[in-house]
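What follows is one structure encoded as C-alpha cells, with my remarks underneath.
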Amino acid sequence: MTGKPFFRVLAIGGLVVLPLIVGLFCIGVGRYSLTLGESFQVLIKGALFGRDGLDPQNYSVIVNIRLPRVLLALLSGAGLAVSGAAFQAIFTNPLATPDTLGVAAGASFGAVLALLAWENLLWIQAMALAVGLAAVLLTYWISRRKGQSSVLMMILSGVVVSSMFQAFVSLVKYMADPEDKLPAITYWLMGSLSSVTFRNLMVGAPFILVGLAVIYAMRWKLNVLSLTEDEARSMGVSVKALRLVIVTAATMITASAISMCGQVGWIGLLVPHISRMLFGSNNRYVVPASMSLGAVFLLVIDTAARSATAAEIPVSILTATVGAPFFIFLLKKTGGNQL
Amino acid sequence: MTFEVENGSFYYSSDRVVLRKVAFSVGEGDVLAVLGPNGAGKTTLLRCMMGMLPWREGRSRLDGVDLRTIPIRELWQSVAYVPQAKGMFFSYTAEEMVLMGRNAHIRIVSQPSKKDYEAARNAMETIGISHLAAKPCCCMSGGELQMVLIARALAAEPRILVLDEPESNLDYKNQLIVLDVVRRLASEKGICSIFNTHYPAHALRISGKALLLDGRGNCRFGASAAIINRENMRSSFSVDVHIGKIDIESNPYDLVMPLRVV
C-alpha cells in the first residue's frame with residue numbers, strides 16, 4: 001500500500017467504516033427483522049436516552065439479545081485474524097495459525113477442563129490461556145532443530161500437539177456427565193456465539209482488547225521478526241523477548257475468543273492472507289486490515305449461522321466450509337513456500 | 001574505528017574445534033576477505049565475531065570495548081549484517097525491506113519516521129537500486145535481492161558491513177556490481193567490510209586484508225597479497241594454483257587459476 005495518498009485514505013476509511021456498516025446491517029437481520037434506519041435509531045436513542053420512548057420489543061431484541069452477540073463476533077473475528085497474522089510473522093511461517101500451531105486445541109482443553117470443574121468464565125479464560133500458551137511453546141520446541149525451525153516441521157509438530165490436546169478433550173468428554181455437562185461441552189466445542197451476555201463480554205473482551213492493542217502497537221516490528229532469526233538479531237531486535245510478548249498476546253486473544261465462542265477455526269489463516277493479497281505483505285497494513293476484515297467475516301458468518309435456517313448452525317461448520325477450500329487453494333498455489 | 005577479534009575459539013564439542021585462536025583487526029575503510037574450503041567455518045566465524053554465536057574463548061572488540069558489553073541496539077547501529085540472499089516467505093517490497101534496516105533506530109511501538117524513509121531511500125540511491133523500490137522481493141533475481149539486502153544493511157548507517165558470501169550465487173555481471181559496491185563504500189564512505197568468499201581472485205581484487213581458514217581450525221591473517229600465495233592455498237584448499245598478474249588495457253588484474261587437486 002505505497003500508492004497514492006488518496007487511495008490510502010480511501011482504504012483506511014473503508015476499513016474503519018466497513019465493520020460499522022455491516023454491524024448495523026447484521027443487527028437488524030433475523031426472524032424479527034429491522035431496517036438499517038430502525039436499528040440505527042434504536043441504538044442511538046438507546047445509548048442517549050435509555051429505553052424510554054422506544055418500542056420495548058425493538059429495544060429488547062436489538063440491545064439485549066443481538067448487540068452483545070454482534071459485538072462478540074466483531075471482537076473475536078478481529079482478534080482471531082490478528083493473532084493469525086502475528087503467528088505467521090513471528091514464526092516466519094505462512095501457514096502458522098492458532099489452529100495449526102495447536103493453540104486452539106490447547107486452549108479448548110483448558111477451557112473444557114475448567115467448564116467441567118468450575119463453570120466460571122474467568123476460570124475458563126485463565127485455563128484456556130495457560131494451556132494454549134503451553135501448547136504453542138510445545139509446538140515450537142518440537143519443531144526446533146539446531147536453532148532452526150522449518151515451515152514443515154512446525155506444521156507437523158502442530159498437528160501432533162493438536163491431536164494430543166484433542167484426545168485430552170475427548171477424554172474429558174468421556175468422563176463428563178452425559179445428562180448435563182456433555183451436551184454443553186459438545187455444543188460449545190462446535191462453536192456458538194448464541195449464549196453470550198453483556199456480563200460474559202465484560203469478562204472476556206478486555207483480554208482480546210489488550211492483546212489487539214499490543215500487537216497493533218508493535219505491528220511494524222512484526223516485519224523484522226518475520227525474517228530469519230540471525231537477520232532479526234542483526235537489526236538490533238531482542239528476538240526471544242519480543243517473540244514471547246507477541247506469542248502471549250496472540251494466545252491471550254485466541255484463548256479468550258475460544259472461551260466465549262468455542263472453537264471457531266480458519267479465521268486466522270483466511271483473513272491475513274486475504275489482507276496480504278489486497279494490501280501487500282507489510283504488517284503495518286496487514287494488521288489493521290486483518291482486524292477490520294476479520295471482524296466483518298465472523299459477523300457475516302455468525303449472522304448466517306443464526307438466521308439462515310430455523311435452527312442455529314454451529315459457526316465452525318460454516319468457517320470450515322469456506323476455509324478448507326481456501327487452504328487447499330493456497331497450498332496448491334504456493335506449495336506452502338512463498339506468499 | 002577499529003574492530004578486532006582476539007584469541008577467538010569456537011567448538012560445538014571440545015574434540016572437534018571449528019575455530020582456534022582467531023585474531024585479526026580492521027579499521028575504517030578496510031576490506032577483509034575471509035577465505036577457506038567448504039565447512040571450514042567461514043559463516044561460523046562471522047556469526048561468532050558478531051556475537052550471534054558465543055565465542056568459547058576470546059572476544060570481539062569494537063573500538064576497544066568487548067562486544068558482549070555493548071547494548072544490542074547500540075551495537076547494531078554500528079555493525080550491519082548482509083545474509084546470503086535466499087528466498088523468503090513474505091513478499092515485502094524493496095523499500096519495505098530496506099526500511100527494516102532502520103530497526104535499531106526505531107522504538108519498539110513506533111512506526112518508521114520521515115527520517116527513516118529518507119535513510120532507506122539514500123541507501124538505495126547509494127548503490128543504484130532506486131528503481132527497484134516498489135518491486136516485491138519475491139519477484140527479484142538473485143542479483144537484485146542481494147543488492148536490496150546490502151541497501152538494507154546500509155540503511156542502518158553502519159561503520160562495519162559484514163557480508164556472508166555476497167557474490168557466490170550471482171552471475172558475472174552481478175558479481176562485479178556487488179564487488180564494486182563493497183569497494184566503493186570503503187573508499188568513498190570509509191565503511192569497513194568483512195566478507196566471506198569462495199573466490200581468491202575477488203579477495204585480491206577488492207580487499208587489502210585476508211583471513212584464510214584451513215579447515216582444521218587454524219587461520220592466517222595478513223595483507224591479501226601476502227596471504228594468498230601458492231603454499232597457503234595448497235595447504236588450505238589442497239589445490240595447486242597459479243597466481244599471476246596480467247595487464248589489460250594498461251590496468252593490472254590479479255589472476256588465481258586452480259590447476260589440480262593435490
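FYI, it's all coordinate maths here, none of it is from the lab. Fair warning: this is a prediction, and the values are worked out from it, not measured in the lab. A quick note on method: Cβ atoms are made from the backbone with ideal geometry, for glycine too, and the neighbour counts reach across all protein chains shown.
Table for the structure above
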{"quantity": "First in the stretch B:179-208 and of a type in the set (F, W, Y), second anywhere and surrounded by 15 or more Cβ atoms within 10 Å (Cβ to Cβ) and in a loop (DSSP other than H, G, I, E, B), Cβ under 6 Å, 6 or more apart", "calculated": "B:F195/B:P166"}
{"quantity": "Within the stretch B:224-253, tally of residues that are under 24 Å from B:G29 (Cβ atoms), touching a strand residue (DSSP E or B) at 6+ places or on another chain (Cβ under 6 Å) and assigned to a strand (DSSP E or B)", "calculated": "3"}
{"quantity": "Conditions (1) surrounded by fewer than 17 Cβ atoms within 10 Å (Cβ to Cβ); (2) closer than 16 Å to A:D302 by Cβ: number failed by A:D52", "calculated": "(2)"}
{"quantity": "Given (1) buried (at least 20 other Cβ atoms within 10 Å of the Cβ); (2) away from every other protein chain (no Cβ under 14 Å), number of the condition B:K173 does not satisfy", "calculated": "(1)"}
{"quantity": "Subset of the stretch B:102-121 [touching a residue at least 12 places away in the same chain (Cβ under 8 Å) and either more than 7 Å from chain A (Cβ to nearest Cβ) or touching a strand residue (DSSP E or B) at 6+ places or on another chain (Cβ under 7 Å) (or both)]", "calculated": "B:R102, B:H105, B:D116, B:Y117, B:A119, B:A120, B:R121"}
{"quantity": "Residue selected from the stretch A:168-209 under the condition outside any helix (DSSP H, G or I) and within 21 Å of the chain's Cα centre (by Cα), by the criterion nearest to A:V131 (Cα to Cα)", "calculated": "A:G191"}
{"quantity": "Out of A:G84, A:G28, sole residue that is surrounded by 14 or more Cβ atoms within 10 Å (Cβ to Cβ), in contact with an Asp or Glu (Cβ under 9 Å, 6 or more places away or on another chain) and closer than 30 Å to A:A232 by Cβ", "calculated": "A:G84"}
{"quantity": "Subset of the stretch B:36-81 [surrounded by 15 or more Cβ atoms within 10 Å (Cβ to Cβ), at the interface with chain A (Cβ under 10 Å from one of its Cβ atoms) and assigned to a loop (DSSP other than H, G, I, E, B)]", "calculated": "B:M50, B:G51, B:M52, B:L53"}
{"quantity": "Within the stretch A:3-121, helices (runs of 4 or more DSSP H) holding 3 or more residues that are within 24 Å of the chain's Cα centre (by Cα)", "calculated": "A:5-27, A:67-90, A:103-117"}
{"quantity": "Residue within the stretch A:246-259 that is polar (S, T, N, Q), closer than 30 Å to B:M97 by Cβ, out of contact with any strand residue (DSSP E or B) (no Cβ under 9 Å at 6 or more places or on another chain) and within 11 Å of chain B (Cβ to nearest Cβ) present", "calculated": "no"}
